[in-house]
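The values are calculated or read from the model by the stated rules, or taken from the named source; none is laboratory data. All of these numbers come straight from a predicted model, not from anything done at the bench. Virtual Cβ from ideal backbone geometry, glycine too; neighbours counted across all protein chains shown.
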Amino acid sequence: MVKAAILGATGYAGAELVRLLSGHGDVELVYPASHSYAGKKFSDIYPGMRGVADMVLREDDIEKAAEEADVIFLALPAGLASAMVTGDILRKAVVIDIGADYRLHDRAVYEKWYKTEHHSPELLAYAVYGLPEIHRDRIPGSRLIANPGCYTTCSILTLYPLLKNRLVETSGIIIDAKSGTSGSGRGEKLGSLFCEVNESIKPYGLVSHRHTPEIEQELSEAAGEDIALQFTPHLVPMNRGILATCYARLRSGVTESDVRDAYSMYASEPFIRLIDTPPETRFVKGTNTVDISFRIDGRTGNIIAMGAIDNLVKGAAGQAVQNMNIVFGLEETEGLAAGAGMPF
């Protein structure tokens, strides 16, 4: 059995991890922790987990967690993980950071976009960007995995085959993305209150959203050149889900058959479904699945590529479990095989 710790277990991503690991046949959750609720039962915070996860929450102490666990999941705000993780911790346990501290390769880029200091820049070179569909070969044996962001997972996987195969121009790419309110976390925020969100939709983080450099980093690597793109997120009145609608100009002579051939790189991926209809968030809710589709507009010469995920599963906790499964040589789909529930 793999022994697991979760620091930040009562945030939405951390709680989703507790739910997924509770049904994982090869994992024992030995160190669930929450600074805000230490000493209380997890099921007192999330009553829906009564009888499933009644363990008492402990303090967010990475040193103690490393002594007891084989893998430590960090579901913490930006800036905290980089102050906790050390070489000594990594020698004792695998660390999967669900936050942003190790996603960006460049410390200066991280500090510019996140407005906080990075406390362990020497570890950036050792961190693996944990998007299995693209970097699966780098994950086994890794001791520090940077779990991708939710918007980034959806956007990168949707656009990656087009850029990897040089089917679209690298300038003028636009990503128009929508997210449910759980993406902003469980903390009390005026903009996340029901009366502020219900019956409305709004763009936010215009030209400044922190996931922008992460998307650009990975798509630049795919294209073999630096890419600057337009990313605009929107908040919609639903609990879960991300829909990314991406626009790019096809290179001259590219056909629909070329595009289908490019997306065939995902044909054997257990968590990617290539579909003919536009994706909907309800059909991936509660799953680790990405639904991807595209349309070519012959009139404008553009391609519209669309992706949908559950931001808390494939966009956070589910992807972290997928990374853990790969690191420890488990079946990659273990604990993640469920489809979306009915009704949606």
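Residues in the range 1-38 that are out of contact with any helix residue (DSSP H, G or I) (no Cβ under 7 Å at 6 or more places or on another chain), surrounded by fewer than 20 Cβ atoms within 10 Å (Cβ to Cβ) and more than 25 Å from residue 333 (Cβ to Cβ): 35, 36, 38.
With the condition being modelled with pLDDT of 95 or more and assigned by TED's automatic domain parsing to the domain that holds residue 226, I'd like the helices (runs of 4 or more DSSP H) fully within the range 88-190 carrying at least 1 qualifying residues. Outline the logic, then answer.
On the way: elements: 107-114, 132-135, 150-164.
Here the list reads 150-164.
Look through the range 88-120, keep the residues that are among the hydrophobic types (A, V, I, L, M, F, W, C) and within 22 Å of residue 185 (Cβ to Cβ), and return whichever of them is nearest to the chain's Cα centre (by Cα).
If we take residues in the range 88-120 being among the hydrophobic types (A, V, I, L, M, F, W, C) and within 22 Å of residue 185 (Cβ to Cβ), then 98 is nearest to the chain's Cα centre (by Cα).
Scanning the range 238-287 for residues that are assigned to a loop (DSSP other than H, G, I, E, B) and more than 20 Å from the chain's Cα centre (by Cα) returns 251, 252, 253, 254, 255, 267, 268, 275, 276, 277, 278. Based on what the data block shows, is residue 308 crowded, with 17+ Cβ neighbours inside 10 Å and over 18 Å from residue 19 (Cβ atoms)? For residue 308, the condition - crowded, with 17+ Cβ neighbours inside 10 Å and over 18 Å from residue 19 (Cβ atoms) - is met.
Residues in the range 163-221 that are surrounded by fewer than 13 Cβ atoms within 10 Å (Cβ to Cβ), closer than 21 Å to residue 312 by Cα and acidic (Asp, Glu): 188 only. On the basis of being in a helix (DSSP H, G or I) and either surrounded by 11 or more Cβ atoms within 10 Å (Cβ to Cβ) or touching a residue at least 12 places away in the same chain (Cβ under 8 Å) (or both), does residue 225 make the cut? It is false that residue 225 is in a helix (DSSP H, G or I) and either surrounded by 11 or more Cβ atoms within 10 Å (Cβ to Cβ) or touching a residue at least 12 places away in the same chain (Cβ under 8 Å) (or both).
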